[in-house]
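Asker: Have a look at this one before I ask anything.
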Amino acid sequence: MQIEELNHCPFAEICWYFTDSWEQFRINGRVDVIDGSNPNPAKLQQREKLWFASAIKSRLQYLGPNPGLPCLSEQSPDEFFLDPSSGPVATFCLLVLEPDQVDYLNLKSNQRIVSTLSRSANGEMCWNSEMINP
């Protein structure tokens, strides 16, 4: 999904499937796109921390051509240089998913539980879970 699309419609779903246990998690929620123009200093610090926690080879990917487009040259990723001490490049952003629903499915036991975040009568956010048919 493109960043422009997320900025326009900031909702997404991620899915994890564990082959050994036959369990699947679908997590839905709002996505916060944190790029270099974010006004929140704490979020910018998170972005920078993640940048420096990644390997230099991973960081080099953000200097290459746009993925998914035809190759216009034979330039290899080794031809790009990045100062290891420099901060995140403009094309690097952090995506934070703030979940509001978790759908758990266990294919071995044929059990499915959907947990939804909602506001209680006193205004606090709380999770409610319900077993549903798989």
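Laboratory data are not the source of any read-out in this text; all were calculated from the coordinates shown. Everything quoted here is computed from the prediction, not taken from an experiment. Cβ atoms come from the backbone with ideal geometry, glycine included; neighbour counts cover every protein chain shown.
Asker: Kindly provide the trypsin sites (Lys or Arg not before Pro) of the stretch 98-134 that DSSP labels as loop, not H, G, I, E or B, and whose Cβ sees at most 16 other Cβ atoms within 10 Å.
Answerer: Of the trypsin sites (Lys or Arg not before Pro), the ones in loops of the stretch 98-134 whose Cβ has at most 16 other Cβ atoms within 10 Å are Lys108.
Asker: Have a look at Asn122, Gly68, Pro88 and report the one farthest towards the positive end of the charge dipole of the chain, computed about the Cα centre with Cβ charges (Lys/Arg +1, Asp/Glu -1).
Answerer: Asn122
Asker: Give the residue list of GluC sites (Glu not before Pro) in the stretch 61-127 that are DSSP loop and have at most 15 other beta-carbon atoms within 10 angstrom.
Answerer: Loop-located and lightly packed - Glu74, Glu124.
Asker: So how compact is the stretch 12-86: Cα radius of gyration and Dmax in angstrom?
Answerer: 17.2, 45
Asker: Nearest 500 deg cm²/dmol is fine: what mean residue ellipticity at 222 nm does the chain get from its DSSP H runs of n ≥ 4 alone, each adding -39,500 (n - 2.57), divided by its residue count?
Answerer: -5000 deg cm²/dmol
Asker: With θ set to phi - 60° and the Karplus curve 6.51 cos²θ - 1.76 cosθ + 1.60, what are the ³J(HN,Hα) couplings of the stretch 48-56 in order, to the nearest whole Hz, using x for Gly and Pro?
Answerer: Calculated HN-Hα couplings, in order: 5, 4, 5, 4, 6, 7, 8, 5, 4 Hz.
Asker: In whole Hz, with x marking every Gly and Pro, tabulate ³J(HN,Hα) for the stretch 5-10 from phi via Karplus 6.51 cos²θ - 1.76 cosθ + 1.60, θ = phi - 60°.
Answerer: Couplings: 5, 5, 5, 7, 9, x Hz.
Asker: Consider the candidate values [x] 12.5; [y] 7.8; [z] 11.5; state which one is mean projected area of the Cα convex hull in nm² computed from the structure displayed.
Answerer: Here mean projected area of the Cα convex hull in nm² agrees with entry [x].
Asker: Going by Cα centres, the stretch 3-53 and the stretch 84-114 are how many Å apart?
Answerer: So the separation of the two Cα centres works out to 6 Å.
Asker: Sticking with this structure for a sec: Counting only chymotrypsin sites (Phe, Trp or Tyr not before Pro) that sit in a DSSP loop (anything but H, G, I, E, B) with at most 15 other Cβ atoms within 10 Å, what is the longest stretch of the chain containing none of them?
Answerer: Of all site-free stretches, the longest is 23-79.
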